[in-house]
Structure formats: C-alpha cells, structure tokens
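Novice: Before anything else, here's the structure in question.
The values are calculated or read from the model by the stated rules, or taken from the named source; none is laboratory data. Only a predicted model underlies this, so the values are computations on that prediction, with no experimental measurement involved. Glycine also receives a Cβ, built like all others from the backbone with ideal geometry; neighbour counts cover every protein chain displayed. The protein model used for the area step is the full one, side chains on, heavy atoms only, and it has no ligands, DNA or RNA in it. Shrake-Rupley method; radii C 1.70, N 1.55, O 1.52, S 1.80 Å.
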Amino acid sequence: MQAADLPLIRTVSRPAVHPDGTWAVVAVTRPDLEADAVVGQLWRVPLGGDAEAAPSRLTRGFRDTEPRFSPDGALVAFLRAQPQAAPQLWVLPVAGGEAVQVTDRTLGVSGFRWSPDGKRLAFLSREPEAGRYGSVEGITPAAEGPRRITEWSWTRNGLGYHRDRPQHVYLVDVPDVAGEPVVQPAPTAQGPAEPRPTVVQPRRVTTDDVDHSGIAFTPDGGSIAVLAEREQGAGQVGRSVLRVLPLGAGVEGGGSEVELGTLGPQAVAFGPGGELYVLAQDHGPEGKDFVARNAALYVLSAWADPEPRRLTDPETQELGHEPVPLPDGGVLLVLASRGTQHVVRVDDDGTTTQLTGGDVVVSDIGVGGGTVAVAYGDPGTYGEVGVVADGAIHRRTDFSAPLRAAGVVTPTELTVTGRDGYPVHGWVAVPEGTGTHPTLLMIHGGPYASYTAGLFDETQVLVDAGYAVVYCNPRGSAGYGQAHGRTIKQAMGTVDLHDVLDFLDGAVASDGRLDGSRVGVLGGSYGGYLTAWTIAHDHRFAGAVVERGFLDPEVFFGTSDIGSFFGLEYVGEKPEQVAAQSPQAVAGQVTTPTLVLHSELDLRCPLSQAERYYSTLKGHGVETELVVFPGENHELSRSGRPRHRQQRFEVILDWWKRYLPVV
C-alpha cells in the first residue's frame, strides 16, 4: 500500500440488521482525494450463506452514515451530509422510493435512536447561542461577542468551543414517506408566497445547557435515558450523570437522576424487561482516578434501583461499545485483549461468554431476528461485515479486496522477554523479498491504547517504502489488564522506555532481515512523547519523527482540552515530578535528526507543545524541521482531509529518505 492508495481504505459502520435477520445495511466510507473529503453510501449486505449473494449500494449521497432500521423494518433512518454542510437525519423506505429529509438543524445531527413504536426519532444536535456559529446571517466568527469562561474545560479537540453550543436531545415525529411530496407555492401578483415547511419541527426534551449523549428509550417508549455532562471540579476527569426523562405530550426536562455513586457512565441500554444496563468507569471518591481504569458493565433491575450491580471485572476485562440487549436477557459487548477485539455475551448473573476468536478486531455489533452481525477487521481486511456463529466470524463482504491487490504485508506476532523479565507483546512487518531492511520502531498513542492485529495503513505504507516496522504494546498500554496500564502512572519514560527498546532488540535478534545498525523511531501523541523521551536517552537512531506529541507537561496544564486533569494523574503535580518525566526538560540531550510534525488546530496536544520542542532542538544545533498542517486537529492521521493525510505520508517518507534511506 502506498500513500496514493488511501481511497482504497473502506471503513464499515455498525451493521443495522433487519428484524428478519436475513440482511443488513451498513455505511461504507472512504477518503476521496479528488473531493478532499470522506465520502460514503449505504450498502445492503445479505447475511445468509448464499455465496451468490453480493452487497449492493442503496444510496448515492455524498456522505451517508449510521443506518438504523425502524422496529418493523419498513424504514431505514440515517445521517446524510452534503459537501461543506452538517449531517441531517433522513429516512428511506425499504420497499423502494426516495429518501426523505427529517431535520434541518443549523449545526447538524450527531446521533439518533428509534422509539420502540417506530413513530418517533430521538436525536442529538447542538444548539448555538444566538449570534454564534452562523445562527445569525452576517455575524462572522470574528464578529461574535466575547466568551466568558468559568469552567475547567471549555474546548474539545476536533470541535473547539462547546459551552456556547451545548448538545441537546430532540424528539421528532417520523414523516409520512408514502405521502404526497411538499410542493412550494408559486409567486402571485401579491408577491412571493410563504414557503411550506419541508421538515417536521422537533421538540427539545433536555433543558440543562450542557452536553448530552447516550440516548436510550425505555421499552414502553414513555421515557428516555440520557447522559448529561456535569461540571468538573479541580483535577477531576470529565464525566456525566444518568437521567431518565419522561416524554409525555408537552413534557420537557425534569425526570430522575439515576444514582451511580463514583461511576462515570459511558453508554446505557434498556433490556426488554426494563433492566437498565450501564457501561461505566469508577473514577474513585475524588473523581480523579482515570489512569488505566477499564469500564465495567452494571445492571439495575429497574432504573430507580438504589444501587447498580456490577457484572464484569474491570481489573481483567476491558469492555467497550454500547451494550446491545438480547431478547432472552443479557447484552453483547466488545472485549479488548492483547491486540484483538471480540464479541462477548454478558448475562445478568455475570457470566461472560466469548462468541468470537482469532486475530480479529470487532468495532461494532448489530442484532436482528436472531442474527448477530459485526463490523470488523483482521490482518487482511480494513473493514468488513461478518455474521457471528459457532464461535467465529463468517465474512459476508470483501470491501478490502482492492487494497490487498495494491499490496499488503501480513505482520508476524512476537513476544519478547524484556530486561526485567516482563513479556512485551507486539508485531513485526517486513517487506517482501530478500536482503536486510532499515528498521523503524513505531510507538502508539494513548498511553492507555494499543496496537492491534488489524490491517494498519501506517505500517503498510512504511513497509511498501522498504522499511521493516517493529511495533508493540509496552507497559502502560490497554488490553493486558489494569495493572499493566497503571505501571507508568507518575512514572512515564521508565519501564515503557525499556519495553519498546527491548522489543526492538528482540525483533532484530529474531529476524535476520532487520538491520539493527540502521534504525529510526517514530510515534504520535503519547507515542510522540515516548519518541522524544527515547532519543534523549538513546542515541542509536538515525532519525526520529515526533508527531502531535505530549512534550511539555508543565505547559499542557491550562492549554490542552484535557489539561485540567490528564497530566496531574499521569506525571503528578510536583514540579520535580513533572520535570523528571518531561521531554521538553531533556530536549537539550537530543542529537538525533528529528522531524516535528503537528496540526494547527490540535487542542489535545496544542501546537505550542511542538513549537517549544522544535525551538529547543534548533537552539541546540539538532537537525530538525517543524511541519504544521493547517486546519487539522489531533486526528489528522486518522480522519484528516484526505490530501493532508497523503501529504503527511509523503513528508514522513521524505524524512526517512534523507536520514534513513533504503539501499
């Protein structure tokens, strides 16, 4: 795979499974270099075992995403975005006909759910303050009034300011898709006629001007559960409260708060009997304990229960995804473990059963008519649809076939015993053919994240250019239990540094195709941190790429969107603690040629992190270059503009061509 092959990457959404269980609808999206945008449409995917059946395109919008069937299966609701416009909610009749627009929100729609009777849709949308974000014609961003900030958090990466455009829950009646189309009246001699509304006006059901998320209807459709952001205290991680709101005619707001104690809810769902399932992290009595804290599943037999009952063990089980209730009780979730993600069933007695196996990375789950379908990846597929049966995933699509045809290398899994006897797990990807190859040590972000067994464009582009790529999940990573992740709490740059270097040495020793005398190192976010830390303490590398790095913990506080709590827990509060774990503090020790790559609108690791680090390197005579991508945020490499993503690869490859050429 080369940088120009980015359009061949297909990402598959959660499968919306028809109530009869025989087929599903998914959104298939891809980066388009000509449009310089992510585009996508809805596809119909047969789920039976008929080898002759093939997926077929349902829509032809610019970007159609997040399909969901109505309870009776007659309609598919989805989000449609036009070029340079926010996504709106649409519905499409399954029996045939045109899609009908449901909303016309200034800032668009970000998520939705069907009511159990299929007559209403609840959706999330941001409500701008008057005069902001284009709500008043002629008032540009530079002409808006001042923002008066009193909270600890006021921006979010990829969004910007959010307190003055809180996300609310709205309720809207489903339009009559079989009715007559809306015809606008023609002007008369008396002047233009009043235009007729083309969309149904929604009703807002939340009142507090805070962000809301996590919509879930009660089984009778009379109430809705939502997560409402609560104000952070000093040093606290942002978390929400869970409220259940009545939806009677004319009812707005009110409702009851579900008492969850120290839990921070992430996702909720109601079971068929009214059980309330909550996926939540326990942040401790002070609301600060977030480092390597896995979410656990809790259940309340009724949402007014005084105390939730924990069903899973967060110490050993890393669960994610919105709980998917099953008709006979229990829910489906995604379990992350050692670079894989599997479907698990959790019953109300706490029994956990893994339903899939192998080197797969399940990203989403859909259920209907007794069929469980998943969106997943593996070493040869970026995103596919499969059916879960008999302990395995049976593939029903092959959207990654063109990407494999362009050239894909399957990495080799490897575990290396480190200097202190700790096993370090990861992978090695080597170009095809004979001979030795310059070797790149690649470090992931997080820190509580992980590399997986799935197909990864970063690895493939580097391998195609002739580099062997070594990448692992050192201590501090997710997927190996909380103790593994918490090892580096207020000890960053210690055992995690040892683990990545030990894995590099072990990989070189295990495979003669890796040239251990010609090595480079690169990483982004926390990976940028550990790359910068590594080259200050180990001078074997011919070059380094420090991308969107957490480089200056002292300045991180008060400038990052997570700066009010992240550094306080990861590196501590005492100045001597912070300095002992700061790449900026040891930048004067660096001699390795270093590319510093960053995005202009990165609010997670602000641009100042890169600017200070680059300036220090330059002041010490290090061969260095700062590359800044305009208009991009912390997610450039994953969801940035397609042309910028291609240019980013080209900049990185040019750097390696200069300082670690393939010969």
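Novice: When 1/r is averaged over all different Cα pairs and the result inverted, which Kirkwood radius in Å belongs to the stretch 539-663? Write out the running numbers ahead of the final one.
Specialist: On the way: mean 1/r = 0.0654 Å⁻¹.
Computed over the stretch 539-663, the radius equals 15.3 Å.
Novice: If the only charges are +1 at each Lys and Arg Cβ and -1 at each Asp and Glu Cβ, what is the size of the charge dipole of the chain around the Cα centre, to the nearest 20 debye? Mind dumping the intermediate values first?
Specialist: On the way: 54 positive and 81 negative charges, 194 e Å.
For the chain, the charge dipole is close to 940 debye.
Novice: If you build the Cα gyration tensor of the stretch 375-471 and take the root of 5 times each eigenvalue, what three semi-axes come out, in whole angstrom, biggest first? Before the final figure, lay out the partial values.
Specialist: Numbers: eigenvalues 131, 78, 27 Å².
Listed largest to smallest, the semi-axes of the stretch 375-471 are 26, 20, 12 Å.
Novice: Given the peptides 608-615, 479-486, 407-414, arrange them by the average over their residues of other C-beta atoms within 10 Å, most packed first.
Specialist: Numbers: 608-615: 20.6, 479-486: 19.0, 407-414: 16.2.
By packing density, highest mean first, the sequence is 608-615, 479-486, 407-414.
Novice: I'd like the distance separating the alpha-carbon centroids of the stretch 553-588 and the stretch 510-535, in whole Å.
Specialist: 23 Å
Novice: Using 0.36 nm per residue, how much length does the chain from A401 to E307 gain when fully extended, once their Cα-Cα distance is taken away? Mind showing how you got there, number by number?
Specialist: Working: separation 94, 0.36 × 94 = 33.84 nm, distance 4.94 nm.
The span from A401 to E307 would gain 28.9 nm if fully extended.
Novice: Could you compute how much accessible surface I139 exposes when probed at 1.4 Å, giving the result in Å² to the nearest 10?
Specialist: 60 Å²
Novice: Please work out how much accessible surface Y170 shows to a 1.4 Å probe, ignoring ligands, DNA and RNA, in Å² rounded to 10.
Specialist: 10 Å²
Novice: Can you check what the net charge comes to around P642, using other residues whose Cβ is under 14 Å from the Cβ of P642 (Lys, Arg +1; Asp, Glu -1)? Can you show the working numbers first?
Specialist: Details: positive: R10, R30, R63, R638, R641, R643, R645, R648; negative: D5, D32, E34, D36, D457, E632, E635, E650.
It works out to a net charge of 0.
Novice: Can I ask one more? Once both axes come from the Cα atoms, what is the angle between helix 526-537 and the longest principal axis of the chain, in degrees from 0 to 90, rounded to 10?
Specialist: Orientation of helix 526-537: about 10 degrees from the principal axis.
Novice: Expressed as a whole percentage, what fraction of the accessible surface of the stretch 301-401 belongs to carbon and sulfur atoms when a 1.4 Å probe is rolled over the protein heavy atoms?
Specialist: On the way: 1910 of 4050 Å².
That fraction is 47 percent.
Novice: FRET efficiency for T262 and D348, Cβ-Cβ distance as r, R0 = 25 Å, nearest 0.05? The partial results should precede the final answer.
Specialist: Numbers: r = 23 Å, r/R0 = 0.91.
After rounding to 0.05, the efficiency reads 0.65.
Novice: Could I ask something else about it? Could you give P(r) for the stretch 62-109, binned at 5 Å from zero, as whole percent values over all Cα-Cα pairs?
Specialist: Values per bin, smallest distances first: 5, 24, 29, 24, 12, 5, 1.
Novice: Let me ask something else about it. Report the accessible area of W152, computed with a 1.4 Å probe over the heavy atoms of all protein chains in place, in Å² rounded to the nearest 10.
Specialist: My reading of the accessible area for W152 is about 110 Å².
Novice: Over the stretch 25-98, what is the relative contact order in whole percent, taking alpha-carbon pairs under 8 Å and six or more residues apart? Mind showing how you got there, number by number?
Specialist: Details: 141 pairs, mean separation 16.7, N = 74.
Answer for the stretch 25-98 is 23 percent.
Novice: Rounding to the nearest 10 and keeping the result within 0 to 90°, find how far the Cα-based axis of helix 642-659 lies from the longest principal axis of the chain.
Specialist: Between the helix axis and the principal axis of the chain, the angle is about 0 degrees.
Novice: Could you rank R10, R648 by how accessible they are, 1.4 Å probe, largest area first?
Specialist: Details: R10 60, R648 10 Å².
Accessible-area ranking of R10, R648, largest first: R10, R648.
Novice: Using a 1.4 angstrom probe, figure out how much accessible area the chain has per residue, in square angstrom, rounded to the nearest whole. Each step should come with its number before you reach the end.
Specialist: Details: 26980 Å² over 663 residues.
Roughly 41 Å² per residue, with all protein chains present.
Novice: Between T412 and D328, what is the FRET efficiency for a Förster distance of 35 Å, r being their Cβ-Cβ separation, to the nearest 0.05?
Specialist: Numbers: r = 41 Å, r/R0 = 1.18.
So, using R0 = 35 Å, E works out to roughly 0.25.
Novice: While we're on this one: Bin by bin, in steps of 20 Å, what percent of the Cα pairs in the chain do you find, going until the bin that has the longest distance?
Specialist: Bins of 20 Å from zero give 17, 52, 28, 3, 0 percent of pairs.
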